[in-house]
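Student: Provided herewith is a single structure, encoded as structure tokens, for subsequent inquiry.
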Amino acid sequence: MSNQLENLISKKEEIQKKIERENSILKKSKYIESTKKRKERTRKLIQKGALLDKYFYTENLSIDETEDFLKIFSNYIKENKPDKYKKN
């Protein structure tokens with residue numbers, strides 16, 4: 001009886017260790033995925049900023065000046081945006 005109890009206790013400990021390892025792996029994979037998404041978003045923002053500078057010559061403007069500049073044209077662009085660029 002005592003031997004069975006010891007076996008059950010050791011199996012329980014092994015299972016708990018496996019659960020901890022799996023949880024650790026899951027946390028790492030979630031971290032890697034969120035890091036990947038963040039890097040993709042950062043790259044996209046940098047590319048869009050570069051296009052803004054390229055076509056509107058805004059590299060000499062501050063962030064606030066760039067925002068004011070974009071506000072000037074925002075309504076016009078929204079109203080005249082081709083359908084293929086509108087959200088579905």
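The values are calculated or read from the model by the stated rules, or taken from the named source; none is laboratory data. Note that this is a predicted model, so its numbers are computed, not measured. Note that each Cβ is placed from the backbone with ideal geometry, even for glycine, and that neighbours are counted across all protein chains shown. Areas reflect the complete protein model, heavy atoms only, side chains present, ligands, DNA and RNA absent. Shrake-Rupley method; radii C 1.70, N 1.55, O 1.52, S 1.80 Å.
Student: So Asn60 passes all but one of these: (1) open to solvent by 90 Å² or more (accessible area, probe 1.4 Å); (2) assigned to a helix (DSSP H, G or I). Which condition number does it fail?
Tutor: (2)
Student: When you check Glu22 against the structure, is it open to solvent by less than 100 Å² (accessible area, probe 1.4 Å) and part of a helix (DSSP H, G or I), yes or no?
Tutor: The answer is no for Glu22.
Student: Which residues, counting only those in the stretch 75-88, are open to solvent by less than 100 Å² (accessible area, probe 1.4 Å) and either closer than 20 Å to Leu45 by Cβ or of a type in the set (D, E, K, R) (or both)?
Tutor: Hits for the stretch 75-88 are Ile77, Lys81, Lys86.
Student: Among (1) over 25 Å from the mean Cα position of the chain (by Cα); (2) among the β-branched types (Val, Ile, Thr); (3) open to solvent by less than 100 Å² (accessible area, probe 1.4 Å), where does Ile72 come up short?
Tutor: (3)
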